[in-house]
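As structure tokens, the structure follows; a few thoughts come after it.
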Amino acid sequence: MSEDILSLIKENVVQGRINQEDEGMEEGMEGKPAVTELVQKALDDGIDVQKIINDGLTSGMDIVGQKFEKKEYYIPDMLASAEAVGAAMEMLEPHLAKNGIEPKGKIIVATVKGDLHDIGKNIVTILLRGAGYLVKDLGNDIDDQTIVDAVKKEQPQFLGLSALLTSTMTHMRAIVQSLKDAGIRDKVKVIVGGAPVSEQFAKDIGADGFGADGFQAVSVIDSLNS
Ligand code: B1M
């Protein structure tokens, strides 16, 4: 029975349906319960929150990721699914705390100074939350010192930086240097990403990891966390 609801949640994540009014990718879905209604039903039925996240939401996003790689899905499709997961995560967050499930780690994320592109960072944030991390999102256009101050104050295990412009990605190098200057570089692992960022660039600036997409960001952080 619980498997039925979980597979329906998964299917509706793939369809990018938040509420029952949403149409989805396939015809004839409008009016049927979607992610938020199904997650509420799963909670009412006492289904384990971790199961809802892992077997419903995250496995749905895995399929979305595969479809994106195969070019069956495009960015708007990925965003619709990511938003559905985000809406579900908002419902589940209080239950995670109540159930005493410890987050896998704490991460600060930000889009660097001068850069207003935040769609990718938001996807990464949602996926990381879905994967069980506590994520503090500083937002976009965040200056270097604010980021370094947040690392000092919050003491996260990871710092995730996003940049979409060749002119702003240079802040990533400056932030790594500022962390060194502040004597806290060894206290936090730095992961970088965004369209102009590459594995080689990450190495060059002394970052600990690079994510080409949100899914890779989660697996890189998972592997650095183990
Ligand atoms: Co702008 N923009 N934009 N833009 N914009 C680009 C990036 C550009 C490539 C378009 C182009 O010319 N072909 C170009 C950059 C050129 C360059 O620097 N080489 C560009 C430009 C020039 C500009 C302006 C300067 C335009 C102008 O005003 N003349 C201006 C700059 C504003 C600023 O930031 N100061 C500008 C403005 C904008 C909008 C505001 C209109 C809008 C952003 C809206 C928003 O984000 N809220 C916008 C958009 C939408 C784009 C494009 C079309 C799409 C970006 C996007 O959201 N992609 C983009 C062209 C393109 O990329 N095709 C473009 C979808 C998103 C899911 O992908 O962000 O790459 P992405 O994130 C991925 C991965 O990169 C990775 O995972 C994500 C999910 O898979 N990832 C991480 C991202 N962050 C990560 C962090 C990680 C790990 C992985 O670890 C922490």
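The values are calculated or read from the model by the stated rules, or taken from the named source; none is laboratory data. Remember, predicted model here, so these are calculated numbers, not experimental data. Positions of Cβ are backbone-derived with ideal geometry, glycine not excepted, and every protein chain shown enters the neighbour counts. Please note that ligands, DNA and RNA were not included when accessible areas were found on the heavy atoms of the full protein model with its side chains. Shrake-Rupley method; radii C 1.70, N 1.55, O 1.52, S 1.80 Å.
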> Here are some conditions: (1) within 11 Å of the ligand (Cβ to nearest atom); (2) more than 15 Å from the chain's Cα centre (by Cα). VAL220 meets all but one. Which one does it not meet?
Replying inline: (2)
>> Cβ-Cβ under 6 Å, sequence separation 6+ or interchain: first residue in segment 29-50 and farther than 14 Å from MET91 by Cβ, partner of a type in the set (Asp, Glu). Which pairs?
In response: GLU30/GLU23
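Scanning segment 169-196 for residues that are among the charged types (D, E, K, R) and open to solvent by 70 Å² or more (accessible area, probe 1.4 Å), which turns out nearest to GLU154 (Cα to Cα)? Steps first, please.
Looking only at segment 169-196, we keep the residues that are among the charged types (D, E, K, R), and these are 173, 180-181, 185-187, 189.
Next, only the ones that are open to solvent by 70 Å² or more (accessible area, probe 1.4 Å) stay: 173, 180-181, 186-187, 189.
Numbers: ARG173: 21, LYS180: 17, ASP181: 18, ASP186: 15, LYS187: 11, LYS189: 14 Å.
Going through the qualifying residues, I end up with LYS187.
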>> Residues that are modelled with pLDDT under 90, β-branched (Val, Ile, Thr) and farther than 15 Å from ASN225 by Cα: does segment 103-117 have at least one?
In response: no
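Among the residues of segment 81-121, how many are among the charged types (D, E, K, R), more than 15 Å from the ligand (Cβ to nearest atom) and surrounded by 15 or more Cβ atoms within 10 Å (Cβ to Cβ)? Reasoning before the result, please.
First pass over segment 81-121, keeping only residues among the charged types (D, E, K, R): 83, 90, 93, 98, 102, 104, 106, 113, 115, 118, 121.
Imposing the further condition that a residue be more than 15 Å from the ligand (Cβ to nearest atom) reduces the set to 90, 93, 98, 102, 104.
After this cut, where a residue has to be surrounded by 15 or more Cβ atoms within 10 Å (Cβ to Cβ) as well, the list is 104.
So the count comes out to 1.
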> Could we say that GLY160 is among the small types (Gly, Ala, Ser), part of a strand (DSSP E or B), in contact with a Gly (Cβ under 9 Å, 6 or more places away or on another chain) and within 19 Å of GLN216 (Cα to Cα) here?
Replying inline: yes
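Could you count how many residues in segment 86-112 are basic (Lys, Arg) and in contact with a strand residue (DSSP E or B) (Cβ under 6 Å, 6 or more places away or on another chain)?
Step one: filter segment 86-112 for residues basic (Lys, Arg), giving 98, 104, 106.
Of the ones still in play, those that are also in contact with a strand residue (DSSP E or B) (Cβ under 6 Å, 6 or more places away or on another chain) are 106.
Final tally of qualifying residues: 1.
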> Do you know which residues across segment 92-135 are more than 11 Å from the chain's Cα centre (by Cα) and either of a type in the set (Lys, Arg) or in a strand (DSSP E or B) (or both)?
Replying inline: LYS98, LYS104, LYS106, ILE108, ALA110, THR111, VAL112, LYS113
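Going through segment 45-99 one residue at a time, which ones are closer than 21 Å to ILE5 by Cα and of a type in the set (Ser, Thr, Tyr)?
Initially, segment 45-99 is screened for residues closer than 21 Å to ILE5 by Cα, giving 45-64, 80-96, 99.
Selection gives THR58, SER59, SER81.
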> If you scan segment 8-27, which residues turn out to be farther than 18 Å from MET89 by Cβ and open to solvent by less than 60 Å² (accessible area, probe 1.4 Å)?
Replying inline: GLY24
> What pairs come up if the first residue lies in segment 132-155 and is open to solvent by 60 Å² or more (accessible area, probe 1.4 Å), the second is assigned to a helix (DSSP H, G or I), and their beta carbons are under 8 Å apart, counting only those six or more places apart or on different chains?
Replying inline: LYS136/ALA150; LYS136/GLU154; GLN145/SER178; GLN155/LYS187
> What are the residue pairs meeting all of these: first residue in segment 197-226, first residue in a helix (DSSP H, G or I) and open to solvent by 70 Å² or more (accessible area, probe 1.4 Å), second residue at pLDDT 95 or above and not charged (D, E, K, R), Cβ atoms under 7 Å, and 6 or more apart or on different chains?
Replying inline: GLU199/PHE210
> Quick one: ARG129 ticks every box in (1) open to solvent by less than 40 Å² (accessible area, probe 1.4 Å); (2) away from the ligand (no atom under 12 Å from the Cβ); (3) within 28 Å of VAL49 (Cα to Cα) bar one, so which box is it?
Replying inline: (1)
> Just one of the numbered conditions (1) modelled with pLDDT of 95 or more; (2) of a type in the set (S, T, N, Q); (3) near the ligand (Cβ under 10 Å from one of its atoms) is not true of THR146; which one?
Replying inline: (3)
>> Can you report the number of residues in segment 36-50 which are at pLDDT 90 or above, surrounded by fewer than 19 Cβ atoms within 10 Å (Cβ to Cβ) and in a helix (DSSP H, G or I)?
In response: 5
> Which members of segment 181-196 meet the condition of being free of Cβ contacts under 8 Å to residues at least 24 places away in the same chain and part of a helix (DSSP H, G or I)?
Replying inline: ASP181, ARG185, ASP186
